[in-house]
Number of protein chains: 6
Amino acid sequence: MTREESYAHGFEVLKSIDGEAGERVVESLQDVNPELAHQVVAWGFGEIYSRPALQPRDRQLVTIGMLTALGGCEPQLEVHVNAALNVGLTAEEIVEAMLHSAGYCGFPRALNATFVAKKVFAERGLLPVQQS
Amino acid sequence: MTREESYAHGFEVLKSIDGEAGERVVESLQDVNPELAHQVVAWGFGEIYSRPALQPRDRQLVTIGMLTALGGCEPQLEVHVNAALNVGLTAEEIVEAMLHSAGYCGFPRALNATFVAKKVFAERGLLPVQQS
Amino acid sequence: MTREESYAHGFEVLKSIDGEAGERVVESLQDVNPELAHQVVAWGFGEIYSRPALQPRDRQLVTIGMLTALGGCEPQLEVHVNAALNVGLTAEEIVEAMLHSAGYCGFPRALNATFVAKKVFAERGLLPVQQS
Amino acid sequence: MTREESYAHGFEVLKSIDGEAGERVVESLQDVNPELAHQVVAWGFGEIYSRPALQPRDRQLVTIGMLTALGGCEPQLEVHVNAALNVGLTAEEIVEAMLHSAGYCGFPRALNATFVAKKVFAERGLLPVQQS
Amino acid sequence: MTREESYAHGFEVLKSIDGEAGERVVESLQDVNPELAHQVVAWGFGEIYSRPALQPRDRQLVTIGMLTALGGCEPQLEVHVNAALNVGLTAEEIVEAMLHSAGYCGFPRALNATFVAKKVFAERGLLPVQQS
Amino acid sequence: MTREESYAHGFEVLKSIDGEAGERVVESLQDVNPELAHQVVAWGFGEIYSRPALQPRDRQLVTIGMLTALGGCEPQLEVHVNAALNVGLTAEEIVEAMLHSAGYCGFPRALNATFVAKKVFAERGLLPVQQS
């Protein structure tokens, strides 16, 4: 694949998972760090996300765990709570993952992540979260 | 104790330490992650905070150290600077703890924590901080 | 439930997920911090892990993401790579999750986690990891 | 040197590297933690920054790496992207350092740092970043 | 004070708090980074630790919180668990602080810190920890 | 470029910077996570390290800053202290960068990094570090 083909392939994967929120991040990088935009798309999504060895919903569970644990990644968590819903995780599973995170990275990280989820759920009409 | 009694017990401890700021956090979780609210209250406060092996002021010193070091926990630090004042630490001791933190987690974390303390102290009429 | 019943319930959940590795951690705490042992078991496993809102394999995906991102949690990651295999994740899914982590927390964390997985897989006769 | 001389010396170093942004941080500490202000200036700049064993531009490369990796240090990163430009790094080198950081601390940290750089570059008329 | 006097003053403070463990760290730096040794002693202990605004035992509570939260600081935590005992904290208070840390930075950090404490307590004949 | 050509190109870059230490890391991944090995080489070195917008010595300054700040990356820091020497940084500059790091991420991280440098310098006959 050429550099342009790698980007085009990655962009399709990005759109299918992250949707418009992901596209906006990539667009906002063009005047400041276009190569970072290229690598997020062509490598992050084109090379890594497109591998079949882990299902899309499973990738989002790992990602939500990482972003919650890292802290200070609220903008990325917002993108990935949306992504998680896009690929089939339920709101209840997402907040349960955040409750689960409390034991591994503490309540402050779990709370910050949960309030990001609350914002996304409000935008998508998913509040209050349904308990199965 | 039943689940309801555990919550009620924890809520009394929460109110005595964190005051209204803690109550607001718990309330804001109800529509998105009510079990996280339950566990913060029933476990975090009812089980852990209520143990006599460490004095309330000592718990806040440890907590301020942790929240400063973790970074990205400004909302929680705001609650706990208030809590620290509620349980008897002075503004001078709190900012000295943050100065002390610079040697262990660097100036950026110490500065971010100090500006949270400044906001709380301003609300409580404690600026400028009195030097003993 | 009494305190003893909570512990007994949590211990059954712990054994079913973490196996002997988890039991050894709990045992090693008895002379230094028995209450921490109690809370890991009664709360972490009895209260949180036993909730049905997230499948055991999904909890391990989130957990592996968190432990990889936190760094410095190699002993806990060893327990949870074992746990992940115990609850049905394949070695290939586990290392794919670690490859996936590189984009979110960088190669050093991904490498450290992968070498923990390599140790566990060697002990369980799972090397070389089978590619589907 | 007396305490006052140490401060005066550090303040000259601070102004020459961080410029007005650094002065504002120091000023905002005076009513809440004046000793922290003193130590940032007299020790951080007077003792450490003024040592000749590492060039000012090299110190900013190390600093940008650290602040990007730590996360949650956006206010400090804003000061130091300005400082980096003040001591001779180009906008292109700064964003390349942030692209480089992706492999070591992941895309979220690299993105957060890049958006801070974008803000600073916009204020200084450096957008779009020129590619050599 | 001259540079030599600052060091001598800091070294007295270091010895009174950290004891031999602190001296060994300083000694081991002499051939690789003697200025770092100087600054730990003259600044960290001579300037910061010697300030009266926070009691020595309170400084160790904050320090244990920070080192537990940071992770990967086991060598420093070993020095400071010793220091905490030297300045009057009990083994029970130290492990209670580590139990308390679980809610703020998660069980893995709390466990790693507790196993460092166990090593120190074993060397000082403090196991099993006495419960008041 | 084909996948094989990307790898071959990246491997040349890896060898020129990291030397044998880098090769050993890649080799040790082959039975557990060969795709991670491929991506470290083909992407990390072939795509990112080979870009001319930042000099090799500057990349190592940023990298040492990041690895010091992250903590728990001692194996990677060992590789990159070697790499830093390979691309022209002096031992004195490396330890000065670590002293500089103390103000941004605290003494514990600075100390852990310095002791890794000490190990590498001992192996390469660079102790005691020469002061210019």
(message) Criterion first (open to solvent by 40 Å² or more (accessible area, probe 1.4 Å), under 21 Å from F:G44 (Cα atoms), in a helix (DSSP H, G or I) and without any contact (Cβ under 8 Å) to a residue 12 or more places away in the chain) does A:E5 satisfy it?
(response) yes
(message) Taking the condition of being within 15 Å of the chain's Cα centre (by Cα) and closer than 19 Å to A:V116 by Cα, how many residues in the stretch B:24-51 meet it?
(response) 4
(message) Every residue in the stretch D:50-103 that is over 19 Å from A:V32 (Cβ atoms) and of a type in the set (A, V, I, L, M, F, W, C), please.
(response) D:A53, D:L54, D:V62, D:M66, D:A69, D:L70, D:V87
(message) Checking F:G10 against (1) within 27 Å of A:M1 (Cβ to Cβ); (2) over 16 Å from the mean Cα position of the chain (by Cα); (3) buried (at least 24 other Cβ atoms within 10 Å of the Cβ): exactly one of these is not met. Which one?
(response) (2)
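Taking the criterion of being among the acidic types (D, E) and touching a Gly at 6+ places or on another chain (Cβ under 9 Å), would at least one residue in the stretch C:43-64 satisfy it?
Of the stretch C:43-64, the ones among the acidic types (D, E) are C:47, C:58.
If we keep only those that are touching a Gly at 6+ places or on another chain (Cβ under 9 Å) as well, we get C:47.
Within the stretch C:43-64, one or more residues are among the acidic types (D, E) and touching a Gly at 6+ places or on another chain (Cβ under 9 Å).
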(message) If B:I17 satisfies all but one of (1) of a type in the set (V, I, T); (2) facing another protein chain (nearest Cβ under 10 Å); (3) within 25 Å of E:L54 (Cα to Cα), what's the number of the condition it fails?
(response) (2)
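Any chance you could count how many residues in the stretch B:70-95 are touching a Lys or Arg at 6+ places or on another chain (Cβ under 6 Å) and under 28 Å from E:P52 (Cβ atoms)?
Initially, the stretch B:70-95 is screened for residues touching a Lys or Arg at 6+ places or on another chain (Cβ under 6 Å), giving B:71, B:87-89.
Add one more test, that the residue is under 28 Å from E:P52 (Cβ atoms), and what stays is B:87-89.
Here the count works out to 3.
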(request) Being over 9 Å from the mean Cα position of the chain (by Cα) and in contact (Cβ under 8 Å) with a residue 40 or more places away in the chain is the filter here, so list the residues in the stretch B:60-74 that pass it. (result) B:T68, B:A69, B:G71, B:E74
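Residues checked against (1) over 28 Å from D:G106 (Cα atoms); (2) out of contact with any Cys (no Cβ under 9 Å at 6 or more places or on another chain):
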{"site": "D:A42", "(1), (2)": "yes, yes"}
{"site": "D:I48", "(1), (2)": "yes, yes"}
{"site": "D:R59", "(1), (2)": "no, yes"}
{"site": "D:L67", "(1), (2)": "no, no"}
{"site": "D:E78", "(1), (2)": "no, yes"}
(message) Suppose the filter is over 14 Å from the mean Cα position of the chain (by Cα) and either among the basic types (K, R) or within 22 Å of D:R109 (Cβ to Cβ) (or both); does F:C105 pass it?
(response) yes
(message) Looking at the stretch F:17-47 only, could you name the residues that are farther than 21 Å from A:E35 by Cβ and in contact (Cβ under 8 Å) with a residue 60 or more places away in the chain?
(response) F:D18, F:G19, F:A21, F:G22
(message) Can you list the helices (runs of 4 or more DSSP H) lying wholly within the stretch B:21-132 that have 3 or more residues being facing chain E (nearest Cβ under 9 Å) and open to solvent by less than 10 Å² (accessible area, probe 1.4 Å)?
(response) B:56-70, B:91-123
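The values are calculated or read from the model by the stated rules, or taken from the named source; none is laboratory data. What you are looking at is a predicted structure, and each value in this text was computed from that prediction instead of being measured. Cβ coordinates were reconstructed from backbone atoms using ideal geometry, including for glycine residues, and neighbour counts include every protein chain displayed. Only protein heavy atoms, including side chains, enter the accessible area calculation; ligands, DNA and RNA are left aside. Shrake-Rupley method; radii C 1.70, N 1.55, O 1.52, S 1.80 Å.
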